[in-house]
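The values are calculated or read from the model by the stated rules, or taken from the named source; none is laboratory data. Keep in mind it's a predicted model, so treat the numbers as computed, not measured. Cβ: placed from backbone, ideal geometry, glycine included. Neighbour counts: every protein chain shown. Quick note on the areas: whole protein, heavy atoms, side chains included, nothing else; ligands and nucleic acids left out. Shrake-Rupley method; radii C 1.70, N 1.55, O 1.52, S 1.80 Å.
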Amino acid sequence: MPVKATFKIISWDEEPFDEPEGGPKLTRAHVKKSFHGDLSGTGNLMYVMMHLDSGIASFTGFEKVVGSLDGRTGSFVLQHTGSYDGEQATAKYLVVPESGTGELTGLSGTGGFSAGNTEEHDMTLDYEM
């Protein structure tokens, strides 16, 4: 089933763990989010990111989502893979198999987002129970 929802970044705490001269910088970012719409609740996300001097970045991460999906409560984990082109972040994600809890046990699905410099961002999630 397709989900109509938006998310807002509540906090972004990023720190480098490798900054070589003449090479890409590696960072980790702890991100907290809120979701509104068919998916409502909170997200706790950890990204590992690679930044180039050009402003382009690539990232991967895991996010635990706790809340309600189409009226069913519980939690699940999303695995993110994406990139940033200097203006827009684009990512795809999948529900990690067997990560659903509560009324979301057995959840599977895929989705993504494209986020620019706005406060709220549209997201997609096509899921099955």
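Points worth noting:
- Restricting segment 23-38 to residues that are of a type in the set (A, V, I, L, M) and in contact with an Asp or Glu (Cβ under 7 Å, 6 or more places away or on another chain) leaves a set whose member that is nearest to PRO2 (Cα to Cα) is ALA29.
- Taken as a whole, the condition of being of a type in the set (Asp, Glu), at negative phi and loosely packed, with under 14 Cβ neighbours inside 10 Å applies to GLU19.
- The set of residues in segment 35-47 that are within 12 Å of the chain's Cα centre (by Cα) and open to solvent by 20 Å² or more (accessible area, probe 1.4 Å) comprises THR42, ASN44, MET46.
- Of all residues in segment 41-79, those satisfying the criterion of being part of a loop (DSSP other than H, G, I, E, B) and acidic (Asp, Glu) are ASP53, ASP70.
- Where strands (runs of 3 or more DSSP E) sit wholly within segment 80-128, those with at least 2 residues that are open to solvent by 30 Å² or more (accessible area, probe 1.4 Å) and over 23 Å from HIS51 (Cβ atoms) occupy 108-115, 120-128.
- Matching residues in segment 52-79 - criterion: being among the hydroxyl-bearing types (Ser, Thr, Tyr) and surrounded by 14 or more Cβ atoms within 10 Å (Cβ to Cβ): SER58, THR60, SER68, THR73, SER75
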